[in-house]
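Report on one structure; see the data block that follows.
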Amino acid sequence: MSIEALGRLWATYESVVQFVGLNAILGLSIYITLAAGQLSLGQAALMGIGAYTGALLTVTWGWPLPLSVLAGILTAGLAAGALGVVVLRLRGVFLAIATLGFGAMFGILVLNIPLTGGAEGLRPIPSETTTWQIYLVLALLAYGFWRFDGSTFGRSLFALRDDEAAASTLGIDPFRTNLIAFVASGMVAGLAGGLSAHLTRIITPRDFGFESALEILVFAIVGGTTGFAGPILGAALMTVLPEVLRFLPLEPGAVNLFVSGAILLLVILFLPGGLISLRRQGRAGSDPRASLGRRAGPDRAATLHEDPPTPLPTPLPTQPMTSPTTGRTPPPSPAGQPSLGPDPRRRSIPANAMPLLEVRGLARHFGGVRAVDGVDLDVRPGEIVGLIGPNGAGKTTVVNVLSGLVPPSGGSVRFGGIDVTGWPAHRMARLGLIRTYQNIRLFAHLSVLDNVLVGMTSRLPPTLGWSLLGRAGPHEAAARRRALELLADVGLEGVAGRPAAALAYGDRRRLEIARALAAEPRLLILDEPAAGMAGPEAGRVGTLLRTLADRGIAVLLIEHNVRLVMQTCDRVTVVNFGARIAEGVPADIARDPSVIEAYLGPTSVDR
Amino acid sequence: MRHGSRLAFAAAVMLAVAACSPSAASSPPGGGAAGSISAKIGAVLSLTKGAAVYGTSQKNGLELAVKDVNAKGKVSIQLVIEDDASDPQQGITAFNKLINQDNVVAIIGPTLSNTAASTDPIAQQAGVPVLGVSNTAAGITAIGNFIYRDSLTEGQVIPQTIKQAAAKYSLKNVAVIYGQDDAFTKNGFDVFSKALAANNISVVDTETFSKGDKNFSAQLTKIIGLKPDAIVASALANEGTAIVSQARQLGFTGPIIGGNGFNSPAVIKNGGPAAEGLVVGAAWNSASASPENQAFLTAYQAAYGAPPDQFAAQAYSGVEILAAAIEAAGKAERDPIRVALATIKNLPVPLGSFSFTADRDADHPPVIQIVKNGKFQVLQ
Amino acid sequence: MNIPQQLFNGLFVGSIYALFALGYTLVFGVLDVLNLAHAAVFTLGAFFGLVAVTTLGLPVWAGVLVAFVGGGCVGILLDRVAFAPLRRRPDTHFAGLISSLAMASLFIAFVQEVFGPQDYVFPPGTFPDVALEIAGARIQLIQLVIVAVSVGLMGWLSWLVQRTRFGRSLRAVAENPRAAALLGIDVERVNAQTFFLSSALGAVAGVLLGLAFNSVAFDLGASIELKGLAVIVVGGMGSLVGAMVGGLILGLTEVFAVAGIGSTWRDAIAFGLLFIILIVRPRGLFGRPRLRRD
């Protein structure tokens, strides 16, 4: 092909290349919110805000391109922030619809403001954006996204996407994190808008309507949302596609709609991770699950429904605290137990101190159901308290209320002398109240190491700046070292790079405990940590808890395994029908008639 | 990696093959007599999404005209039609393809004025003449000396319509309804407003609607309650028909006045008896007895089994105008065609006796029609 | 202002919104997914009716019946292709949005390929062209029929859901599909039936709208898509009564917005209402709190 022919080819397709770049930037903008598990259909309107701001400044006051684009970015970011403050308490479909409503309102506003030119559009806008500018911006963004994966912020987003409740009980503030993501995504959309307005010479409200909003979403979905390369790939494919179809010997017409619809359908049905999942299938174990598994619910409580029970492991891991995956036994430490680094802060707390956790008359009603109805509970530093009761007694609800996932209907909770009644989960976690889950809630798409690092997130200063410089930074480096130590303690250091979802059942339990310890708990609440474990194994759990308590950590243990509770706990509280029926040292509890009755006499206390 | 690279490779191959192969043409080089001038002309039309109904009509008009022109044997046109999916971005890429890859000597289109604002500067820069056949927005031909159009703007049609209707129905006050989210109907509203003011007709109420609306009863009830002498509507055919039907259902008996958007047989066919008495100011007189128009009506009906609308008539005329310019230029080259277009004077086409103004806009008398007995007739 | 006329206008538009929303909200109520192809099924339904009446020469009631059955079959197709395969995936919710979107674009492409982009009308006299004058309001017979049909359908659906065996299975599946399966309910069958019913209703809504405005085109659904969404959110997602009341509220608000404030802001009011409801009462006017378990 001659130089001249190449030149023609470039002249023909330069605009396609430009639109690929612009659409890739748009795809990245929705990727930020999708990374946090939020579906926003307001991207087109945010793009429009950037486009109109930039274009008006250029056309009316003759601002130069970079300045007016910058103004567009800021305006769109502000708008996204304002929108986020209002809509971010919604989730799933409801958030999508609210943002869609925002988009519709934006369109109506533009039509009614004389400054914008209404339906006839704003024109003529000088065509100043060049191909290299678009790709410079795209390259910078792509670099930012690449680095962002390894920062505290990136991990917080992914953790929220995988499991919002688990992330918030590790100290991540869902609202704040989502809001930052929203603003960032608005700014990127505004950037795309400013660049695009200065390319197409005219902007009209229809360019930023419902269809465009869906189109942007399609870029991200077709490409995949598990990595920043996905939306870029998706944008490239969907933008080039109509141009390729021009060459098929077909009458121009509805066939384009057919092909793009069919591609979308095939991807969502057979390639839920999008195009980039093709590349990933080779390594790191395929991950057939798409990235956005969130139930719709208008409010936060709805996301707290229980997951399907985790299938019991078959076979049960024979060696507790040994990773079947690595086949390694944790390094022996004095008591044959995980060696946890010294923690002077904890040790300074005297064992007979004031209760760390004081619960009085705690109640939680669901409609007419009194799931918890007047529970009192004290836990002191260094003490192991058991919370037992028959199935449905309200134990898990107590834990959900204490950890801040569910607000109490009544009663008071004090932690470390502070009244924390009704505090949200992330604030409880930052105070040092950390919990695990009965059904194990790991961040399935994050690596084992990243799971532990998420546990530390709320204790680390933001590391995004260092990440962008291409370095780990001192805090990140220290955090990684500590995380690897914790993993070594539970025998998982050999699988640090694997996705958490790929672990065996026993390993997942261990990882969840390591993750909780990474958050430096003052009070550790364990919801049935020995579920599915055989006798000797459960015993090891008990020894681990004792080690932790000896270091001054308060432990609240919810267990069905009554033998474990009796052997390990200093004191035991028994609840039934939402209320406390007994409290005392294990020996007394075992003799308490009301407890025996609650457990229906003959029922084995050792299942 | 495997699948990903295969896909990328396939795309690259398709692009490369596409780049090297001659482009698909929707009509073969005409079998004109020896000595005829061969010309490859591009057209960018909205064949899918929002404006598909107009683009499809234009495509019919263009293809019919190419057949007729080629049959005459003086110019042999090869037409390459591209779809812009009612989207300026795709319009831009379609223009670039036609200009650089297909090497067309002129481009007809695009369907929408807003797309033209994006695409026509490209053709201007590349030195390719463009003939808009439906762009009515202000400032399109001001983009440059390569940009022409054969479509009368609302500004060239409506003032006369209002003047004539005002005299005939002695209008004192009217109510206006227009589509606020469409460039054409919004522009029509602006022109109507000016014309009404110029004729000292007061506007008792202004109502709006959105593209795709089916129900206008709330707006019309409000309008009818104010008892205007007439309703003035700036709408495209689909919404326009519904407005007329619903106004009659709600008991409005006065005249209803519309612009170019109403000049479609669909208004009469779908509106039925409700369309009777509708006054339509338009660029094309479908009832014109001129031989060019009659031949066009007959040929169109024969080819597509339905009567043409104004979009088809303007597209058809556009091909004839381009063919005349090519003939006058004596060769199918871009700049000579541009020069020759300016010399077109009183060319008989279905639109009437056609010339260009000095600003490359269409220049031919508009028509004010009224629907009578299920037909458009010239308003007397 | 002609208040009786505007009241009726609002009632009529509201009934159309409600008719569209009934099927929309049904699927959400039972399967907890949003079917974005509902507007496309609505359009398809209008064309089923049109073909039945114009090409096959059937009477109008038969056209509605054809749309009901045809739409229902499309619904089953939709379920099998776009929803059933995703059911076991953790991201059902989100994936369902996307796959139904894809199906919608396939349906619309099909309609445009077969019928082209132009507007179609029913032959004159398909529905008796009778106008009534009640309390100063001019009312078309077809409009009255539509109001009656949507109220009737809501009643019928409520009866179906509350009082029949099918309804019991439906509610069981809505409450907890796993538990329903344990109780011996064929969940997949109930899902398919739900889609049949929902899409059949959507298709009937399409025909009736086409008849009322005597206009059927490929973009028929686009005009009602977002409004329908607003209605089911305002009424409470999954609530049949909510769909009806939400439709009427939206219809009346729109009409009185036009009459009182001005038509340029009509849609802003519709979406403003949507927005406010989502913020103030996300479960909608008649939605149950979505707290299945703690």
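The values are calculated or read from the model by the stated rules, or taken from the named source; none is laboratory data. Since the structure is predicted, the reported quantities are computational estimates derived from the model, not experimental observations. FYI the Cβ positions are ideal-geometry reconstructions off the backbone, even for glycines, and counts take in every protein chain you see.
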- Residues located in the range C:218-256, provided they are crowded, with 22+ Cβ neighbours inside 10 Å and of a type in the set (G, A, S): C:G221, C:G228, C:A230, C:G235, C:G236, C:G238, C:S239, C:G242, C:A243, C:G246, C:G247, C:G251
- Can you name the number of the only condition in (1) out of contact with any strand residue (DSSP E or B) (no Cβ under 6 Å at 6 or more places or on another chain); (2) part of a loop (DSSP other than H, G, I, E, B); (3) more than 14 Å from every other protein chain (Cβ to nearest Cβ) that B:A137 fails? (3)
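In the set C:G238, C:G206, C:G242, C:G228, which member is in contact with a His (Cβ under 8 Å, 6 or more places away or on another chain), within 14 Å of another protein chain (Cβ to nearest Cβ) and not hydrophobic (A, V, I, L, M, F, W, C)? So that I can check it myself, show each step before the final result.
Numbers: C:G238 fails: in contact with a His (Cβ under 8 Å, 6 or more places away or on another chain); C:G206 fails: in contact with a His (Cβ under 8 Å, 6 or more places away or on another chain); C:G242 fails: in contact with a His (Cβ under 8 Å, 6 or more places away or on another chain).
That would be C:G228, the only listed residue that is in contact with a His (Cβ under 8 Å, 6 or more places away or on another chain), within 14 Å of another protein chain (Cβ to nearest Cβ) and not hydrophobic (A, V, I, L, M, F, W, C).
Among the residues in the range A:53-70, are any within 11 Å of chain B (Cβ to nearest Cβ), free of Cβ contacts under 8 Å to residues at least 40 places away in the same chain and outside any helix (DSSP H, G or I)? Don't jump to the end; show me each part of the working.
Of all residues in the range A:53-70, those within 11 Å of chain B (Cβ to nearest Cβ) come to none.
The answer is no; no qualifying residue exists.
Any idea which of A:A184, A:A139, A:A159 is part of a helix (DSSP H, G or I), without any contact (Cβ under 8 Å) to a residue 60 or more places away in the chain and of a type in the set (A, V, I, L, M)? Lay out the reasoning, then the answer.
Values: A:A184 fails: without any contact (Cβ under 8 Å) to a residue 60 or more places away in the chain; A:A159 fails: without any contact (Cβ under 8 Å) to a residue 60 or more places away in the chain.
After ruling out the rest, the residue left standing is A:A139.
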- Query: Could we say that A:R364 is part of a strand (DSSP E or B), within 14 Å of chain C (Cβ to nearest Cβ), touching a strand residue (DSSP E or B) at 6+ places or on another chain (Cβ under 8 Å) and of a type in the set (K, R) here?
  - Reply: yes
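May I ask you to say which residue of C:A21, C:A62, C:A67, C:A52 is assigned to a helix (DSSP H, G or I), modelled with pLDDT of 90 or more and closer than 24 Å to C:V173 by Cα? First the steps, then the outcome.
Values: C:A62 fails: closer than 24 Å to C:V173 by Cα; C:A67 fails: closer than 24 Å to C:V173 by Cα; C:A52 fails: closer than 24 Å to C:V173 by Cα.
None of the others qualify; the one that does is C:A21.
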- Answer yes if at least one residue in the range A:474-485 is closer than 24 Å to A:G150 by Cβ, part of a helix (DSSP H, G or I), at pLDDT 90 or above and in contact with a Gly (Cβ under 6 Å, 6 or more places away or on another chain), and no otherwise. no
- Failed item, numbered, when B:W284 is tested on (1) touching a residue at least 24 places away in the same chain (Cβ under 8 Å); (2) in a helix (DSSP H, G or I): (2)
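Every residue, every condition in (1) within 14 Å of chain C (Cβ to nearest Cβ); (2) under 30 Å from B:G139 (Cα atoms); (3) at pLDDT 90 or above, yes or no:
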{"position": "A:L191", "(1), (2), (3)": "no, yes, yes"}
{"position": "A:S196", "(1), (2), (3)": "no, yes, yes"}
{"position": "A:E211", "(1), (2), (3)": "yes, yes, no"}
{"position": "A:F219", "(1), (2), (3)": "yes, no, yes"}
{"position": "A:G223", "(1), (2), (3)": "yes, no, yes"}
{"position": "A:G227", "(1), (2), (3)": "no, no, no"}
{"position": "A:M238", "(1), (2), (3)": "yes, no, yes"}
{"position": "A:P252", "(1), (2), (3)": "yes, yes, no"}
{"position": "A:G274", "(1), (2), (3)": "yes, no, no"}
- Message: With the structure loaded, tell me whether B:L220 is facing another protein chain (nearest Cβ under 10 Å) and aliphatic (A, V, I, L, M) or whether it fails that test.
- Response: yes
- Message: Could you tell me how many of the residues in the range A:490-538 are more than 20 Å from the chain's Cα centre (by Cα), within 24 Å of A:F158 (Cβ to Cβ) and in a helix (DSSP H, G or I)?
- Response: 6
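Here's the yes/no breakdown for (1) without any contact (Cβ under 8 Å) to a residue 24 or more places away in the chain; (2) surrounded by fewer than 24 Cβ atoms within 10 Å (Cβ to Cβ); (3) in contact with a Phe, Trp or Tyr (Cβ under 9 Å, 6 or more places away or on another chain); (4) within 14 Å of chain C (Cβ to nearest Cβ):
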residue: B:A183; (1), (2), (3), (4): no, no, no, no
residue: B:D205; (1), (2), (3), (4): no, yes, no, yes
residue: B:K211; (1), (2), (3), (4): no, yes, no, yes
residue: B:V232; (1), (2), (3), (4): no, no, yes, no
residue: B:P265; (1), (2), (3), (4): no, yes, yes, yes
- Please indicate, with yes or no, whether at least one residue in the range B:248-258 is assigned to a helix (DSSP H, G or I), within 10 Å of chain C (Cβ to nearest Cβ) and in contact with a Lys or Arg (Cβ under 8 Å, 6 or more places away or on another chain). yes
- Go through the range C:87-184 and tell me which helices (runs of 4 or more DSSP H), entirely inside it, have 2 or more residues that are within 14 Å of chain A (Cβ to nearest Cβ) and surrounded by 15 or more Cβ atoms within 10 Å (Cβ to Cβ). C:92-115, C:177-182
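Report, by residue number, each residue of the range C:212-243 that is within 27 Å of C:F122 (Cα to Cα) and not in a loop (DSSP other than H, G, I, E, B).
Initially, the range C:212-243 is screened for residues within 27 Å of C:F122 (Cα to Cα), giving C:212-228.
Across the range C:212-243, the qualifying residues are C:A212, C:F213, C:V216, C:A222, C:S223, C:I224, C:E225, C:L226, C:K227, C:G228.
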- Note on the structure: Exactly one of A:I440, A:I434 is part of a loop (DSSP other than H, G, I, E, B), within 29 Å of the chain's Cα centre (by Cα) and among the β-branched types (V, I, T), and that one is A:I440
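Would you check which residues across the range B:34-70 are assigned to a loop (DSSP other than H, G, I, E, B) and among the aliphatic types (A, V, I, L, M) and list them? Full working, then the answer.
Residues of the range B:34-70 assigned to a loop (DSSP other than H, G, I, E, B): B:34-36, B:46-51.
Within the range B:34-70, B:A34, B:L47, B:A51 meet the criteria.
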- Message: I'm checking my understanding of the structure. Among residues of the range A:73-98 that are in contact (Cβ under 8 Å) with a residue 60 or more places away in the chain and closer than 14 Å to A:A44 by Cβ, which one is surrounded by the most Cβ atoms within 10 Å (Cβ to Cβ)?
- Response: A:A76
